[in-house]
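Visitor: Mind looking over this structure? Questions follow.
What follows is calculated from the coordinates using simple rules that are stated; it is not laboratory data. The shown structure was predicted, so the numbers you read here are calculated from the model rather than taken from an experiment. Quick reminder, even Gly has a Cβ in these numbers, built from the backbone with ideal geometry, and neighbours come from all protein chains shown.
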Amino acid sequence: MTPLQLVLARCAFSGAFGVAGVYLGNAVRVVFRNRQMILHDGVITEGEIVGFDEQRSTSRSGSSTLFAPVVTFKLPNGAPVSFKSSRAERPNPYVEGQRVSVRYLPNDPLAADLANVSASWFPIVALIIATIVCLTIAALPFLLAK
């Protein structure tokens with residue numbers, strides 16, 4: 001490989017991971033802003049678990065069934081709202097008929113979720129780690145250049 005080809009390959013490699021890092025960094029900003037908005041402007045009310053949505057999960061160790069609670073709650077005007085939680089788990093920690101805290105935005109009640117899920121830091125931390133990894137990999141060809 002000629003020196004010019006090597007430099008071009010390093011630039012392409014770094015560029016790809018750099019673009020991914022910038023994209024993920026923007027995703028951190030959007031997720032953080034949405035989380036802050038739902039924590040600041042969100043309304044907490046009581047809902048009831050009315051069922052479960054089964055989701056298949058595959059991993060290296062095989063496939064398993066995860067359960068996402070389906071919850072209903074009422075808006076202040078009495079209108080019922082139903083949603084499926086964004087978190088599916090196994091084993092399932094909930095039972096049908098269980099009362100749970102729900103958090104929603106008054107201008108978008110269909111984007112509701114369980115209160116403990118909407119306050120979670122996990123998605124933001126995972127995105128920050130992925131951003132750091134991508135940007136570090138993007139810089140490596142130039143940091144380790146001969």
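Visitor: Going by how many other beta carbons lie within 10 Å of each one, how would you line up 82, 14, fewest first?
Guide: The most exposed by this proxy come first: 82, 14.
Visitor: By average Cβ neighbour count within 10 Å, what is the ranking of 101-114, 68-81 from highest down?
Guide: Result, highest mean Cβ count within 10 Å first: 101-114, 68-81.
Visitor: Which peptide among 35-43, 90-98 comes first, and what is the full order, when sorted by highest mean count of other Cβ atoms within 10 Å?
Guide: Per-residue Cβ counts within 10 Å, averaged per peptide and sorted highest first, yield 35-43, 90-98.
Visitor: Just check the chain against the gyration tensor rule for me: Cα atoms, a ≥ b ≥ c as the square roots of the eigenvalues, rounded for a/c under 1.5, and otherwise prolate or oblate depending on whether a/b exceeds b/c.
Guide: Because a/c hits 1.5 or more and a/b exceeds b/c, the chain counts as prolate.
Visitor: For the stretch 3-143, with the dipole built from +1 on Lys and Arg beta-carbon atoms and -1 on Asp and Glu ones, taken about the Cα centre, which of 72, 121, 98 lies farthest toward the positive end?
Guide: 121
Visitor: Provide the FRET efficiency to the nearest 0.05 for the residue 89-residue 1 pair, computing r from the beta carbons and using R0 = 41 Å. It would help to have the intermediate numbers written out before the result.
Guide: Details: r = 49 Å, r/R0 = 1.20.
The computed FRET efficiency comes out at 0.25.
Visitor: To continue, here is another question. With charges set only on the Cβ (+1 for Lys and Arg, -1 for Asp and Glu), what does the dipole of the chain come to about its Cα centre, in debye to the nearest 20?
Guide: The dipole of the chain has a size of about 600 debye.
Visitor: Here's another thing I want to ask about it. For the stretch 19-102, what does the alpha-carbon gyration tensor say about shape, rounded, prolate or oblate, given a ≥ b ≥ c as the root eigenvalues, a/c under 1.5 as rounded, and a/b over b/c as prolate?
Guide: Judged from the Cα gyration tensor, the stretch 19-102 comes out oblate (a/c at least 1.5, b/c at or above a/b).
Visitor: Express the relative contact order of the chain as a whole percentage, based on alpha carbon pairs under 8 Å and six or more residues apart in sequence.
Guide: Working: 209 pairs, mean separation 45.5, N = 146.
Rounded, it is 31 percent for the chain.
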